[in-house]
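See structure below.
The values are calculated or read from the model by the stated rules, or taken from the named source; none is laboratory data. If you're wondering where the values come from, they're calculated on a predicted model, not measured in any experiment. Reconstructed Cβ throughout: ideal geometry from the backbone, glycine too, with neighbour counts over all protein chains shown. Protein only, heavy atoms only, side chains kept; ligands, DNA and RNA dropped before computing areas. Shrake-Rupley method; radii C 1.70, N 1.55, O 1.52, S 1.80 Å.
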Amino acid sequence: MTRPDRPRPVNPPVERASTLLFDRAEDVYRTDVVTYGRHGLTVHDELKRALMELEGGAACTLTPSGVSAISTAALGLCGAGDHLLVTDNAYGPTRRFARLLARRMGLETEFFDPRAGADIARLFRPNTRAILMESPGSLTFELHDVPAITAAAQDAGIATMLDDTWGAGLAFKPLDHGVDAALHAATKFPSGGSDVLLGAAVSRTPEIGERIQTFATHFGVAVSPDDAYMVLRGMRSLKARFARQQESALALASWLRDRREVALVLHPGLDSHPDHGLWRRDFLGGGALFAIVVRGWSEAQVLAFLNALTVIGLGFSYGGFESLAIWCDPQLKREVGPWRAEGPLIRLAVGLEPLSDLVADLERGFAAAAV
Ligand SMILES: *Cc1c(COP(=O)(O)O)cnc(C)c1O
């Protein structure tokens, strides 16, 4: 029974469909409408619209995870015989994907110093097709001079991508700084629930969006409507959560800077961070993920610290409601120059818990590491 005068739901319907039925046989090969579930339905369109609005983009491709956003965008923009530049502070799965491209798909991938700035042009070759950035690096928190890199790339006709998972489209707006595609693990802040995997590539121009979407379509990259709905639901509260989490993170980072156990706090919003100037120039917020370098701790001390935490969970990821910690040294692999620090690096993802609970938890950790 249809009731055309019924008030409508706030949110779009989750249509679970592979098959769509046509009223007329003449319509089955239409190209101006969606004809099959893999191409995305109402909830996918709504989520794309929200992500495009967040980043100020002209197009959006959804992917089943953050890693698949990176792989889909990279393969949409480059192919066999092309040279792809990848930042040397990229996180592990991006590095492994870059090496797989080189080994299996005939691309030349080369890592570049995250602090290269305009000097990146020295690495350009006639076949350089794209640059993949991550700013800040989600393990070691160096920032790129993004406008310098995108200006050099534009002069040379090279496409640029930036993994904006840390900034969530709120602390940083890559497209405003000339980046062609902002890549997201929507798994993190947009979802906010630590219960779904999803990715997105938001493109600055329809042309870049078309190249990425064409690859996604032909490669069979598809997203479940339930997953898309979960992320859309999370995005309703993204701004409020992010604001609260970044405020707690900055407060914790400042508190940690004064601890004698801490040699360095890697948070670009602190004036002690080497890239704080770039942060002030280009960023709109401080994020909720940062790291500390603890002064000369042994591995046993790091493990004692982490095992004493009762509020902060031990786990990869970030952007959820719950705080997390992880020891990063085993994955701090570099190609261009080695990672050097005065001690082990512990990464903290700040959630929505009361700040006093987090401080008390870290104090428990420091006490356990001292014995
Ligand atoms: C988590 C993460 C990804 C990958 O997201 P998944 O959804 O887990 O595949 C990509 N980039 C960064 C910086 C991340 O932190």
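Out of everything in segment 302-316 that is assigned to a loop (DSSP other than H, G, I, E, B) and modelled with pLDDT of 95 or more, what residue ends up being nearest to ASP164 (Cα to Cα)?
GLY315
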Pull up segment 41-88, narrow it to residues that are part of a strand (DSSP E or B) and touching a Phe, Trp or Tyr at 6+ places or on another chain (Cβ under 9 Å), then point me to the one that is surrounded by the fewest Cβ atoms within 10 Å (Cβ to Cβ).
HIS83
Would you check if PHE290 is in contact with a helix residue (DSSP H, G or I) (Cβ under 6 Å, 6 or more places away or on another chain), within 16 Å of the ligand (Cβ to nearest atom), open to solvent by less than 10 Å² (accessible area, probe 1.4 Å) and not in a loop (DSSP other than H, G, I, E, B)?
yes
Could you check, for segment 293-301, whether at least one of its residues is in a strand (DSSP E or B) and away from the ligand (no atom under 16 Å from the Cβ)?
yes
Would you check if there is a residue in segment 183-197 being outside any loop (DSSP other than H, G, I, E, B), in contact with a Lys or Arg (Cβ under 9 Å, 6 or more places away or on another chain) and open to solvent by 10 Å² or more (accessible area, probe 1.4 Å)?
no
Do you know which residues across segment 229-244 are under 10 Å from LEU198 (Cα atoms) and either more than 18 Å from the chain's Cα centre (by Cα) or open to solvent by 60 Å² or more (accessible area, probe 1.4 Å) (or both)?
MET230
Hey, among the residues in segment 328-362 that are in contact with a Lys or Arg (Cβ under 9 Å, 6 or more places away or on another chain) and open to solvent by 60 Å² or more (accessible area, probe 1.4 Å), which one's farthest from THR165 (Cα to Cα)?
GLU342
If the Cβ limit is 8 Å and pairs must be 6+ apart or interchain, which residue in segment 328-346 that is on the phi < 0 side of the Ramachandran plot and acidic (Asp, Glu) pairs with which residue that is loosely packed, with under 14 Cβ neighbours inside 10 Å and in a loop (DSSP other than H, G, I, E, B)?
GLU342/GLY296
Can you run down the residue pairs with Cβ atoms below 6 Å, 6 or more apart or on separate chains, where the first is in segment 109-135 and among the hydroxyl-bearing types (Ser, Thr, Tyr) and the partner is more than 16 Å from the ligand (Cβ to nearest atom) and part of a loop (DSSP other than H, G, I, E, B)?
THR128/ILE158
Selection from segment 89-124 of residues closer than 30 Å to GLY277 by Cα, more than 13 Å from the ligand (Cβ to nearest atom) and open to solvent by 40 Å² or more (accessible area, probe 1.4 Å) yields GLU110, ASP113, ARG115, ALA118, ASP119, ALA121, ARG122, LEU123, PHE124
In the list ASP226, ASP258, which residue meets the criterion of being within 27 Å of VAL67 (Cα to Cα) and more than 20 Å from the chain's Cα centre (by Cα)?
ASP226
Right, ALA341: out of contact with any helix residue (DSSP H, G or I) (no Cβ under 6 Å at 6 or more places or on another chain), at pLDDT below 95, over 26 Å from GLY234 (Cα atoms) and not acidic (Asp, Glu) or not?
yes
Scanning for something closer than 20 Å to MET52 by Cα and part of a helix (DSSP H, G or I), does segment 156-170 turn up at least one residue?
no
